[in-house]
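The block underneath contains the structure these notes are about, expressed in structure tokens.
Every number in this text was worked out from the coordinates using simple rules, so none of it is lab data. Computed from a predicted structure; not experimentally measured. With ideal geometry, Cβ positions are generated from the backbone for all residues, glycine too; neighbour counts draw on all protein chains shown.
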Amino acid sequence: MSRTAKIVILFIAVIAVGWGVGKYTAPSPSASIEEGASAGAGNDLQAPPSEVPDASAVPSPEPSPVATEAPEASNTGSEPTAAPADKPGNSGAEASREPSPAATVKPSDGDSGTGDPEAELTAAEPDSITVMVNKQYQLPDGYKPADLVYPDVPFIFSEKIEKRMMRKTAAGALEQMFAGAKKDGVYLAGVSAYRSEKTQTTLFNNYVARDGEEKARTYSAVPGHSEHQTGLAIDVSGSDGKCAAESCFGGTKEADWLAAHAAEYGFIIRYPEGKQGITGYMYEPWHIRYVGKDIAEEIAAKGITLEEYYDAVPVSK
Ligand SMILES: [Zn+2]
């Protein structure tokens with residue numbers, strides 16, 4: 001082999017190695033550390049980035065926003081293997097190809113231990129309208145939907161503020177649903193829709209201060225785990241604002257109407273009665289979530305939850 005040929009081969013080898021190294025030294029998503037850092041006390045929400053293949057590279061902080069948390073005794077021995085993906089009936093045009101609670105398992109479970117189901121999984125497609133966010137699946141740090149708009153429906157307050165916003169598709173469906181309700185003599189109003197991670201942090205910390213963390217977790221989401229942060233969920237009441245986001249909303253004609261008709265517009269009652277062991281939340285007849293018509297109608301017809309739809313493990317606590 002000629003000297004020139006050797007040099008050429010060596011050159012190619014160097015490039016190939018360089019390319020390989022560049023490819024595999026993980027571009028970890030840095031998200032928005034600066035934003036999370038500003039709000040509230042002790043909210044160290046920087047859970048380790050989830051897509052890093054090398055487990056050893058990632059520390060595993062306990063992502064609880066509150067320092068006093070006792071380790072939970074629950075044993076999630078069988079980790080849900082990421083994506084409860086391919087469900088039949090996901091063919092709706094809007095459903096993303098890889099349906100959504102597709103999640104990446106954090107590499108460092110085990111030593112942060114305690115089997116805490118929270119913070120184990122990060123929704124891989126937070127922008128999918130079928131994303132599943134619950135006590136187990138969280139949104140990426142600092143996630144904010146890019147297409148938030150103000151739906152043209154009445155709210156129980158008049159300010160044009162954050163909690164009036166929803167993602168565009170959900171907002172359009174909400175407008176149609178409110179119009180449909182009106183035709184039936186039911187006058188709905190929005191109570192609270194989009195909520196940023198920062199707002200959720202403040203809210204959650206206030207609840208913890210008032211009721212203690214264990215109780216707070218039964219009715220309020222840990223930041224990053226709130227469905228309101230997706231821009232696809234909204235709390236609804238009657239236009240008089242009575243029983244807004246309170247259990248006495250159950251059994252009102254507005255609640256009955258929602259239970260009967262929300263799915264026609266692509267919404268589900270996200271935390272149905274008797275499903276707390278699965279959703280992790282007590283019955284909330286006012287909290288509806290946009291998932292698109294196909295999935296909403298299937299879920300309503302079967303009387304199941306989004307977790308069951310995806311065959312995800314129950315969120316027991
Ligand atoms: Zn809600």
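Counting neighbouring beta carbons within 10 Å and listing from fewest to most, the residues 279, 201 come out as 279, 201. Here each label is just a point 7 Å from Cα along the line to Cβ, and for residue 283 and residue 152 those points are 3.6 nm apart. By the count of neighbouring beta-carbon atoms within 10 Å, fewest first, 235, 184, 127 end up ordered 184, 127, 235.
Sort the range 147-211 into rounded, prolate or oblate with this rule: let a ≥ b ≥ c be the square roots of the eigenvalues of the Cα gyration tensor; rounded if a/c is under 1.5, and if a/c is not under 1.5, prolate when a/b is larger than b/c, oblate otherwise. Since a/c reaches 1.5 and a/b is larger than b/c, the shape of the range 147-211 is classed as prolate.
Where does the charge balance sit around residue 308 when Lys and Arg score +1, Asp and Glu -1, over other residues with C-beta under 9 Å from its C-beta? Surrounding charge for residue 308 is 0. Taking other C-beta atoms within 10 angstrom as a stand-in for reagent exposure, 218, 252 fall in the order 218, 252, fewest first.
Could you work out how much longer the chain between residue 168 and residue 246 gets when fully extended? Use 0.36 nm per residue separation minus the Cα distance between them, nm to one decimal. Please report the intermediate quantities before stating the final value.
Details: separation 78, 0.36 × 78 = 28.08 nm, distance 2.67 nm.
In short, 25.4 nm is gained.
Per-residue 3J(HN,Hα) values for the range 150-157, derived from phi via the Karplus relation 6.51 cos²θ - 1.76 cosθ + 1.60 with θ = phi - 60°, read 9, x, 8, 9, x, 10, 7, 9 Hz in sequence order (x marks Gly and Pro). Of the peptides 185-194, 152-161, the ranking by mean beta-carbon count within 10 Å, highest at the top, reads 185-194, 152-161.
Fully extending the segment from residue 256 to residue 160, taken as 0.36 nm per residue of separation minus the present Cα-Cα distance, adds 31.7 nm. For the cross-link pairs 163/253; 215/293; 160/242; 135/183, the ones whose C-alpha atoms lie over 31 Å apart are 215/293; 135/183.
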